1. Which count do you get for residues in the range 95-109 that are touching a Ser or Thr at 6+ places or on another chain (Cβ under 8 Å) and open to solvent by 20 Å² or more (accessible area, probe 1.4 Å)?
2. Could you tell me how many of the residues in the range 138-168 are open to solvent by 30 Å² or more (accessible area, probe 1.4 Å), more than 15 Å from Asp120 (Cα to Cα) and hydrophobic (A, V, I, L, M, F, W, C)?
3. State all residues of the range 42-64 that are within 13 Å of ligand 1 (Cβ to nearest atom), outside any helix (DSSP H, G or I) and open to solvent by 10 Å² or more (accessible area, probe 1.4 Å); if no residue qualifies, say none.
4. Checking Arg57 against (1) within 22 Å of Tyr146 (Cα to Cα); (2) touching a strand residue (DSSP E or B) at 6+ places or on another chain (Cβ under 8 Å), only one condition comes out false. Which one?
5. Confirm whether Ile39 is β-branched (Val, Ile, Thr), surrounded by fewer than 22 Cβ atoms within 10 Å (Cβ to Cβ), more than 21 Å from Phe17 (Cβ to Cβ) and more than 16 Å from ligand 2 (Cβ to nearest atom).
6. Kindly indicate whether any position in the range 105-115 is touching a residue at least 60 places away in the same chain (Cβ under 8 Å) and part of a loop (DSSP other than H, G, I, E, B).
7. Can you name the residue in the range 176-221 that is of a type in the set (Gly, Ala, Ser) and surrounded by fewer than 15 Cβ atoms within 10 Å (Cβ to Cβ) and, of all such residues, is farthest from ligand 1 (Cβ to nearest atom)?
8. Working carefully through the options Ile51, Ile9, find the one that is at pLDDT 95 or above and more than 16 Å from ligand 2 (Cβ to nearest atom).
Amino acid sequence: MADTVLNDIGTYIRELFLAPDRALETALARAQEAKLPAIQVPADTGKLLTILVRLARARRILEIGALGGYSGIHLARALPSGGRLISLEASALHAEVARENLAQAGLADRAEVRLGKAIDLLPKLAEEDPFDLAFVDADKPSYPAYLDWCLRLVRPGGLIIADNALQNGRVADLDNTDEGVRGIDKMNRAAAANPRLDAIILPNRDGKDGLLIAFILETAV
Ligand code: SAH
Ligand code: DHB
Ligand code: MG
């Protein structure tokens with residue numbers, strides 16, 4: 001019963017707000033063809049990312065975890081001309097597919113995929129211009145470290161967003177010892193306790209998972 005209602009609501013939202021989209025469909029088909037795991041953000045979450053980029057008037061975006069560029073297309077297409085998405089990706093195959101997909105979406109001029117482990121690439125970004133928005137969606141045990149890096153790299157007034165903040169409710173189970181689950185819980189708690197952040201988790205995937213959305217306050221509190 002509840003599932004039927006959720007399905008109907010999901011269909012209602014998608015039919016109303018998600019128009020057929022050639023670039024996104026091509027990106028999914030190409031990722032499938034290259035046998036990438038189908039673990040991109042849901043389409044409605046992608047749309048939300050696009051809106052958050054616009055709302056934040058973001059000109060520079062950091063993404064950690066590109067996969068095939070599906071979320072990257074949502075992020076980069078909301079950039080103004082001259083804007084930049086830098087997406088970090090550890091898998092050479094994923095990075096290659098992401099570059100192809102961002103190019104076929106007409107975003108090659110503003111989107112860059114850097115190959116390597118994020119933890120190795122992040123320090124170099126500290127020498128570059130600050131970001132307005134970061135989207136974290138890579139290896140879950142590293143989420144606390146990624147939050148710390150985002151706090152260094154994103155400007156006050158910017159946004160830090162992280163996918164998979166609820167993990168099918170497993171984060172709320174303190175007995176769950178999975179390294180990824182504990183990593184995400186640690187990030188959530190650090191975000192909640194940080195006086196520089198105004199943060200919340202917005203459930204997605206029919207409430208099974210969630211997006212952490214953290215605004216970096218502009219004045220010290
Ligand atoms: N944001 C993508 C989905 C990312 S899936 C989308 O919604 O379209 C997670 C990605 O993180 C995978 O491509 C995986 O290869 C990458 N990844 C895993 N560990 C990583 C690490 N240490 N550094 C950078 N990328 C990593
Ligand atoms: C899975 C989903 C994700 O959104 C992700 O970032 C990694 C893994 C999954 O369903 O396994
Ligand atoms: Mg994810």
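1. Selection size over the range 95-109: 2.
2. Count: 1.
3. Across the range 42-64, the qualifying residue is only Pro42.
4. Exception for Arg57: condition (1).
5. Details: β-branched (Val, Ile, Thr): yes; surrounded by fewer than 22 Cβ atoms within 10 Å (Cβ to Cβ): yes; more than 21 Å from Phe17 (Cβ to Cβ): yes; more than 16 Å from ligand 2 (Cβ to nearest atom): no.
In short, no.
6. Of all residues in the range 105-115, those touching a residue at least 60 places away in the same chain (Cβ under 8 Å) come to 105-106.
Imposing the further condition that a residue be part of a loop (DSSP other than H, G, I, E, B) reduces the set to 105-106.
Yes.
7. Only one residue fits best here, namely Ala220.
8. Ile51
The values are calculated or read from the model by the stated rules, or taken from the named source; none is laboratory data. A quick note: this is a predicted structure, and the numbers were derived from the prediction, not measured. A quick note on method: Cβ atoms are made from the backbone with ideal geometry, for glycine too, and the neighbour counts reach across all protein chains shown. The protein model used for the area step is the full one, side chains on, heavy atoms only, and it has no ligands, DNA or RNA in it. Shrake-Rupley method; radii C 1.70, N 1.55, O 1.52, S 1.80 Å.
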